[in-house]
1. Return the residue satisfying two criteria in turn: it lies in the stretch 112-132 and is over 20 Å from Arg155 (Cβ atoms) and in contact with a strand residue (DSSP E or B) (Cβ under 8 Å, 6 or more places away or on another chain), and of such residues it is surrounded by the fewest Cβ atoms within 10 Å (Cβ to Cβ).
2. Taking Glu109 as the residue in question, decide whether it is in contact with a strand residue (DSSP E or B) (Cβ under 9 Å, 6 or more places away or on another chain), over 13 Å from Phe18 (Cα atoms) and open to solvent by 40 Å² or more (accessible area, probe 1.4 Å).
3. Against the condition of a type outside the set (Asp, Glu) and either under 22 Å from Asn4 (Cβ atoms) or touching a residue at least 40 places away in the same chain (Cβ under 8 Å) (or both), how does Lys67 come out, does it pass?
4. So Gly93 clears everything in (1) under 22 Å from Lys49 (Cβ atoms); (2) within 16 Å of the chain's Cα centre (by Cα); (3) not hydroxyl-bearing (Ser, Thr, Tyr) except one condition, right? Which one?
5. Starting from the stretch 96-108, take each residue that is in contact (Cβ under 8 Å) with a residue 60 or more places away in the chain and list its partners that are open to solvent by less than 10 Å² (accessible area, probe 1.4 Å) and of a type in the set (D, E, K, R), counting only C-beta distances under 9 angstrom and pairs at least six apart or across chains.
6. Cβ contacts < 8 Å: first residue in contact (Cβ under 8 Å) with a residue 40 or more places away in the chain and of a type in the set (Ser, Thr, Tyr), restricted to the stretch 109-124; second residue open to solvent by 100 Å² or more (accessible area, probe 1.4 Å) and assigned to a strand (DSSP E or B), any location; separation 6+ or different chain. Result?
7. Let me spell it out: the conditions are (1) at pLDDT 95 or above; (2) open to solvent by 70 Å² or more (accessible area, probe 1.4 Å); (3) not charged (D, E, K, R), and Gln184 meets all of them except one. Which number is the exception?
8. State which residue pairs qualify: first residue free of Cβ contacts under 8 Å to residues at least 40 places away in the same chain and inside the stretch 32-52, second residue part of a loop (DSSP other than H, G, I, E, B) and open to solvent by 10 Å² or more (accessible area, probe 1.4 Å) in any location, beta carbons under 8 Å apart, and separation of 6 or more residues or different chains.
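The values are calculated or read from the model by the stated rules, or taken from the named source; none is laboratory data. Everything numeric in this text was worked out from a predicted model, so none of it was measured. Neighbour counts are summed over all protein chains in view; Cβ atoms, including those assigned to glycine, are modelled from backbone coordinates with ideal geometry. Remember, those area values only see protein heavy atoms, side chains included, never the ligands or the DNA or RNA. Shrake-Rupley method; radii C 1.70, N 1.55, O 1.52, S 1.80 Å.
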Amino acid sequence: MAINLQKGQRQNINAPKFTIGLGWDANNSSTGGAFDLDASVFVLGENKKLIADEFFVFYNNLQTPDKAVTHTGDNLTGDGDGDDEQIKIDLTGIDSRVKEIIVVVTIHEADTRNQNFGQVRNSFIRIFNTETNEEILKYELDEDFSIETAVEFGRIYERNGEWKFEAVGNGQREGLAKYLSLYQ
C-alpha cells in the first residue's frame, strides 16, 4: 500500500528499480493556450552539483551515460489520466558518484505564454516499483503556486546505503534556468 506524503516528509524507497510518475492537469481556459510541462532530473554528486552535463536528464537528453536514469519522453499536453511523464531509475546500475536525484517540473515558455503553476491542478509525483508496479509513495502538491513557473517536486537521496524520497514542493518563478544555476 502506497504512503501519501506531506511536504517535508521522507520515505524509504526499498526497490532497486523504480519509476517516478509525474502528473498534472492544466486549466487551458485561463490563458487560452496549451500548457507544456516538462519533467527534468538533476543527478548530483556529493557536492550537490551535476556529476557532468550528461547527468541532466530532460526531453533533449533522455538518459544518463550509465543508463540508470531514463526519461520516457516529453508529453506536450498533459491530457489524459495517470502519469503525464515518467522517469525510470535503476539503482543497480547507477554511477557510484550519484548521491542525490532532484525532480523538477517546469512550464515550457511560461513567460511568453503568461502561465504559472497556479493554473495547474491535480499535480503529483509518485514512485512505484518498476518490476511489480506496486506504488510505494505519492505526494500531491496542494499549494497555490500563483506566480511560480517551476517546482521542485522532490528529491531522492542516498543515506547510509539506503535510498529515500523527500517531498519538497518548493516553487520559484525563474524557470529551469534557476535550477541549472543551482546544480551546474
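1. Keep residues of the stretch 112-132 that are over 20 Å from Arg155 (Cβ atoms), which gives 112-116, 118-122, 131-132.
Add one more test, that the residue is in contact with a strand residue (DSSP E or B) (Cβ under 8 Å, 6 or more places away or on another chain), and what stays is 113, 115-116, 119-122, 131.
On the way: Arg113: 17, Gln115: 24, Asn116: 21, Gln119: 19, Val120: 22, Arg121: 13, Asn122: 13, Glu131: 11.
The residue in question is Glu131.
2. It is false that Glu109 is in contact with a strand residue (DSSP E or B) (Cβ under 9 Å, 6 or more places away or on another chain), over 13 Å from Phe18 (Cα atoms) and open to solvent by 40 Å² or more (accessible area, probe 1.4 Å).
3. Values: of a type outside the set (Asp, Glu): yes; either under 22 Å from Asn4 (Cβ atoms) or touching a residue at least 40 places away in the same chain (Cβ under 8 Å) (or both): no.
So Lys67 does not fit the description; no.
4. It is condition (2) that Gly93 fails.
5. From residues that are in contact (Cβ under 8 Å) with a residue 60 or more places away in the chain, the pairs are Val104/Asp38; Val105/Asp38; Val105/Glu85; Thr106/Asp38; Ile107/Asp38; His108/Asp38.
6. What qualifies is Ser123/Glu140.
7. Of everything listed in (1) at pLDDT 95 or above; (2) open to solvent by 70 Å² or more (accessible area, probe 1.4 Å); (3) not charged (D, E, K, R), Gln184 misses just condition (1).
8. Listed by first residue and then by second, the contacts come to Ala52/Pro65.
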